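Student: There's a structure below that I have some questions on.
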Amino acid sequence: MCRVLQYLRLSIHPSWQLYAGFVGIIFGVVFTVISNRILCMNWWWLVLVIFLLLCSLHWPRRYTLCLAFIAGLIVGNHRLAPEVTSQSIWQQLVGQEITIMGKIKDDPDNSASQITLNLSQLQYIDDQNDRINLAGTFYIKLNNSGLKLERSDILTLQGTLGAGFGTFAGTFYRPKLIGVSRADTGDVFARLKADFAEQVRKFIPSPAAELGLGYLVGLKAGLPDDLADTLRAVGMTHVIVASGAHLGILVSAARKIFGKLSKFSGLLGSLLLISIFVFIVGFTPSMTRAALVSSLSLSFGYFGRRFTPLRLLIFVAMLTLLISPLNCLNLGWQLSFASFTALLLVAPRLQKFFYGGKKPPWLANMIITSLATTITCAPILIYSFGTLSLLSFIANLFILPTLPYAMLLVFLTGALGFAPLLASFSGWLSTVLLRCHIWLVKFLSEKSMFIFELPSGNIHIFWLYIPVILILCLPKVKRWRSHAHLKTRKL
């Protein structure tokens, strides 16, 4: 007991207190989303936060970490006050015919009969025609009347409000479209993506064109349902969601091009390319996470500093949840951070276990990375879909190494539209490679012996994370015990 008390009195770096507060914010947001209760509404809670932070920073000891953690819990709980208040109002309006106004959040999914879209920045229009700003996002399905809607268009809808699900505060099925407004220029980046997609489809046939556009810009609209189901069954849906892998390829290309001029040119070119790519794809949860990670890593690397993997993971998770607290219910956000954790924490630990301090061969590195990703994503996929595929190992070994070439060929096909001969040749190469991807995925999906059907929605599946956490913490426990023993001997 005396050794424990002596260890708790040891001084620590003040940054530990900050990260304890970041962890508290994450837990506060998750607790509030699950419980749907706001405990820290009054202003004096913020005064308490400042007091706890000052105390923890003034006395940077291990036992004062709990003060920073409590301060973070309060901030996380307080951040969700607008969402919880708006959610209660929307729930009272379920089943009633209401009028709302909002902005299209992501690219609409157009089909022959209907248009599916997400509406954010909502305003509720009451009987007196007053507009009330409320937080939340609605899931909308409109009849396709030939109207071409774009991202960032402002819609006015009237219909019966349905109950929400997941991250959606409500649903509107077949509402009446009262009005559409658009800025003079509209969403330039959305239009640029649509025009580029049209050029690609001229030279690459379906479904290869849709798969290639999913690789390059995360455009999932138009992807055939059977191919989407096949990708999901094999566990390869992450390749058509623009995220860290795609940004990593683009940043690597930018640093090779601009880095030849100077180190600053490489940084500036990379950040500029990240910004353009994010605006084209949209601020999805996985894209926001990837952009933050890439920008922070590049900026700190330029000044000769870097985040440790765990601190980078905590910091980015805290930022994304502060920006949009309901991200923790978003499947894309969950899978994105699970994959991120696998790459930063689980895969290096497995590499050290199998190879010690040596660098593993290329094939072994791919297998270890795929294994780490499967382990961390499996509970989430089982809980959401009720399936677990062991075939993603093989698919990753072929698709991920060739993904940069597929993205490059699709980009050249769209960019060379002014030169039909060159675009046709690039489109032919793209079609061959993309059809190989499609054939491989369909071939693997037929091997049902490697796809396990499990009950979905079972919260107990997350107990599988306990062995992963123990594997990650075991070496740290040993270091903690040896460090504590040395400090005790000195005292």
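The values are calculated or read from the model by the stated rules, or taken from the named source; none is laboratory data. All values reported here derive from a predicted model rather than from experimental measurement. A quick note on method: Cβ atoms are made from the backbone with ideal geometry, for glycine too, and the neighbour counts reach across all protein chains shown. Just the protein is used for accessible areas: all its heavy atoms, side chains included, with ligands, DNA and RNA removed. Shrake-Rupley method; radii C 1.70, N 1.55, O 1.52, S 1.80 Å.
Student: Which residue, of Phe452, Phe398, Phe418, is among the hydrophobic types (A, V, I, L, M, F, W, C), surrounded by fewer than 16 Cβ atoms within 10 Å (Cβ to Cβ), touching a residue at least 24 places away in the same chain (Cβ under 8 Å) and not in a helix (DSSP H, G or I)?
Tutor: None of the others qualify; the one that does is Phe452.
Student: How many residues does region 368-392 contain that are at pLDDT 80 or above and open to solvent by 70 Å² or more (accessible area, probe 1.4 Å)?
Tutor: Residues flagged as at pLDDT 80 or above and open to solvent by 70 Å² or more (accessible area, probe 1.4 Å) within region 368-392 amount to 1.
Student: A follow-up question, please. Scan region 70-88 and tell me whether some residue there is open to solvent by 70 Å² or more (accessible area, probe 1.4 Å) and in contact (Cβ under 8 Å) with a residue 60 or more places away in the chain.
Tutor: no
Student: Then there's this: Quick one: Leu119 ticks every box in (1) of a type outside the set (Val, Ile, Thr); (2) part of a strand (DSSP E or B); (3) in contact with a helix residue (DSSP H, G or I) (Cβ under 8 Å, 6 or more places away or on another chain); (4) open to solvent by less than 30 Å² (accessible area, probe 1.4 Å) except a single one, so which number is it?
Tutor: Among (1) of a type outside the set (Val, Ile, Thr); (2) part of a strand (DSSP E or B); (3) in contact with a helix residue (DSSP H, G or I) (Cβ under 8 Å, 6 or more places away or on another chain); (4) open to solvent by less than 30 Å² (accessible area, probe 1.4 Å), the lone unmet condition for Leu119 is (3).
Student: OK, next. Among the residues in region 2-10, are any in a helix (DSSP H, G or I), farther than 14 Å from His78 by Cβ and either in contact with a strand residue (DSSP E or B) (Cβ under 6 Å, 6 or more places away or on another chain) or modelled with pLDDT of 80 or more (or both)?
Tutor: No, because not a single residue in region 2-10 is in a helix (DSSP H, G or I), farther than 14 Å from His78 by Cβ and either in contact with a strand residue (DSSP E or B) (Cβ under 6 Å, 6 or more places away or on another chain) or modelled with pLDDT of 80 or more (or both).
Student: Which members of region 309-358 meet the condition of being open to solvent by 70 Å² or more (accessible area, probe 1.4 Å) and either β-branched (Val, Ile, Thr) or in a helix (DSSP H, G or I) (or both)?
Tutor: Leu310, Arg311, Ile323, Leu329, Leu343, Lys352, Phe353, Phe354, Tyr355
Student: Can you give me the number of residues within region 253-270 that are open to solvent by 50 Å² or more (accessible area, probe 1.4 Å) and in a helix (DSSP H, G or I)?
Tutor: Of the residues in that region, 7 qualify.
Student: Restricting attention to region 457-471, and to residues there that are surrounded by fewer than 13 Cβ atoms within 10 Å (Cβ to Cβ) and among the β-branched types (Val, Ile, Thr), which single residue is modelled with the lowest pLDDT?
Tutor: Ile469
Student: Oh, and also: In the list Leu331, Leu391, which residue meets the criterion of being over 19 Å from the mean Cα position of the chain (by Cα) and within 18 Å of Leu231 (Cα to Cα)?
Tutor: Exactly one residue qualifies, and that residue is Leu391.
Student: Does Arg305 qualify as being open to solvent by less than 50 Å² (accessible area, probe 1.4 Å), of a type in the set (D, E, K, R) and closer than 22 Å to Ser252 by Cβ?
Tutor: no
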